[in-house]
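Worksheet: one structure, shown below.
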Amino acid sequence: ETGVTQSPTHLIKTRGQQVTLRCSSQSGHNTVSWYQQALGQGPQFIFQYYREEENGRGNFPPRFSGLQFPNYSSELNVNALELDDSALYLCASSPRLAQNEQFFGPGTRLTVL
Amino acid sequence: RKEVEQDPGPFNVPEGATVAFNCTYSNSASQSFFWYRQDCRKEPKLLMSVYSSGNEDGRFTAQLNRASQYISLLIRDSKLSDSATYLCVVNSNSGYALNFGKGTSLLVTP
C-alpha cells in the first residue's frame, strides 16, 4: 500500500510569488486535507477536498486555494506569498469523508524570503 | 482560548521513567480524540486514538475525561526512541478538520 506522497520536499520563494504544492493520497483514500505547520506550532487546518469539491475551510485567506483531481490527488496553491507563509505544508488523506483518522505525507517545507 | 491546549514542555526524563502528558480541549461537542507523534522535521504519525473507556497499547495508555474535557497520555518504561513531540488532537465542530495542540516535547536521556 502506497502512503501519502508530497512534492516538492523543499521550496524557496520570494514575497509576492505564487507556489503550487502537490499531494498524492494513500491508495483507497478519497479525502484530502491540507495543514500549515509553522515552527513551534501544531498543524493548522487549511481546507479539505472530497470528490473534487472543497468540503471545509479553516481560517486562511482566499489566496490559499486548492484542487482535487479525479484520481484523488490534490494541489495547494498560494498566491502573493508573504514571509509568514514560511512553514511546513502537510497533506493528509483519509479513506472517506468525515473519517477522523488522517494519515500525513512527509510535507513540503516552504521558505519565503 | 485555544481549542486544544498542551504543556509544551520540554519533559526531560531518564530511560525507564514513566511520564504523563495532559491536554484540555474547549469544544464539548468533540467526538474524536487522538495522540499523534511527530519526530523532528517529520510528519505527524498517529500514535493512538483515545476512547471514553480509555485504551492501552503496549507501554502507552490514553485516557479521556469528557466531563473535564481533558485527555492524557501515559508512557511507561520510556525508551530513547520515545523522544519526540506528542500532539494532542481533537476533531472540530464540523467533524472534518483536526485541531492540534502545539505539542509537548519529550526527551528521554540515557
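Restricting attention to strands (runs of 3 or more DSSP E) lying wholly within the range A:1-44, give those where 3 or more residues are more than 24 Å from B:Lys102 (Cβ to Cβ).
Working: elements: A:5-7, A:10-13, A:19-24, A:31-37.
The strands (runs of 3 or more DSSP E) meeting that bar are A:10-13, A:19-24.
Report, by residue number, each residue of the range B:53-110 that is among the hydroxyl-bearing types (Ser, Thr, Tyr) and either out of contact with any strand residue (DSSP E or B) (no Cβ under 6 Å at 6 or more places or on another chain) or not in a loop (DSSP other than H, G, I, E, B) (or both). Working first, answer last.
The first filter runs over the range B:53-110 and keeps only residues among the hydroxyl-bearing types (Ser, Thr, Tyr), leaving B:53, B:61, B:68, B:70, B:72, B:78, B:81, B:83, B:85-86, B:92, B:94, B:96, B:104-105, B:109.
Result: B:Ser53, B:Thr61, B:Ser68, B:Tyr70, B:Ser72, B:Ser81, B:Thr85, B:Tyr86, B:Thr104, B:Ser105, B:Thr109.
Please find, among A:Phe64, A:Phe103, the residue that is within 24 Å of B:Gln31 (Cβ to Cβ), surrounded by fewer than 22 Cβ atoms within 10 Å (Cβ to Cβ) and among the aromatic types (Phe, Trp, Tyr).
Details: A:Phe64 fails: within 24 Å of B:Gln31 (Cβ to Cβ).
Within the list A:Phe64, A:Phe103, the selection yields A:Phe103.
Looking at A:Glu54 and the list (1) open to solvent by 10 Å² or more (accessible area, probe 1.4 Å); (2) in a strand (DSSP E or B); (3) of a type outside the set (Phe, Trp, Tyr); (4) out of contact with any Phe, Trp or Tyr (no Cβ under 6 Å at 6 or more places or on another chain), which single condition is not satisfied?
All conditions are met except number (4).
Between a residue in the range B:81-93 that is closer than 30 Å to B:Pro14 by Cβ and modelled with pLDDT of 95 or more and any residue that is open to solvent by less than 30 Å² (accessible area, probe 1.4 Å) and not in a strand (DSSP E or B), which pairs come within a Cβ distance under 7 Å, given they are 6 or more apart or on different chains?
Between residues of the range B:81-93 that are closer than 30 Å to B:Pro14 by Cβ and modelled with pLDDT of 95 or more and residues that are open to solvent by less than 30 Å² (accessible area, probe 1.4 Å) and not in a strand (DSSP E or B), the close pairs are B:Thr85/B:Gly103; B:Tyr86/B:Gly103; B:Leu87/A:Gly42; B:Leu87/B:Gly101; B:Leu87/B:Gly103; B:Cys88/B:Gly101.
From the list B:Arg59, B:Arg37, B:Arg76, which residue is in contact with an Asp or Glu (Cβ under 8 Å, 6 or more places away or on another chain), open to solvent by 20 Å² or more (accessible area, probe 1.4 Å) and at pLDDT 95 or above? Lay out the reasoning, then the answer.
Values: B:Arg37 fails: in contact with an Asp or Glu (Cβ under 8 Å, 6 or more places away or on another chain); B:Arg76 fails: in contact with an Asp or Glu (Cβ under 8 Å, 6 or more places away or on another chain).
Being in contact with an Asp or Glu (Cβ under 8 Å, 6 or more places away or on another chain), open to solvent by 20 Å² or more (accessible area, probe 1.4 Å) and at pLDDT 95 or above holds for just one of B:Arg59, B:Arg37, B:Arg76, which is B:Arg59.
For the range A:77-97, name all the residues that are surrounded by fewer than 13 Cβ atoms within 10 Å (Cβ to Cβ) and either in contact with a Phe, Trp or Tyr (Cβ under 7 Å, 6 or more places away or on another chain) or within 14 Å of another protein chain (Cβ to nearest Cβ) (or both). If you could, list the steps in order and put the result at the bottom.
Of the residues in the range A:77-97, the ones surrounded by fewer than 13 Cβ atoms within 10 Å (Cβ to Cβ) are A:80, A:82-84, A:96.
Of everything in the range A:77-97, just one residue is surrounded by fewer than 13 Cβ atoms within 10 Å (Cβ to Cβ) and either in contact with a Phe, Trp or Tyr (Cβ under 7 Å, 6 or more places away or on another chain) or within 14 Å of another protein chain (Cβ to nearest Cβ) (or both), namely A:Arg96.
The values are calculated or read from the model by the stated rules, or taken from the named source; none is laboratory data. Keep in mind that what you see is a predicted model, and the values were worked out from it rather than measured. Cβ sites come from the backbone with ideal geometry, for glycine too, and all protein chains shown count toward neighbours. Keep in mind that these areas ignore ligands, DNA and RNA; they rest on the heavy atoms of the full protein, side chains included. Shrake-Rupley method; radii C 1.70, N 1.55, O 1.52, S 1.80 Å.
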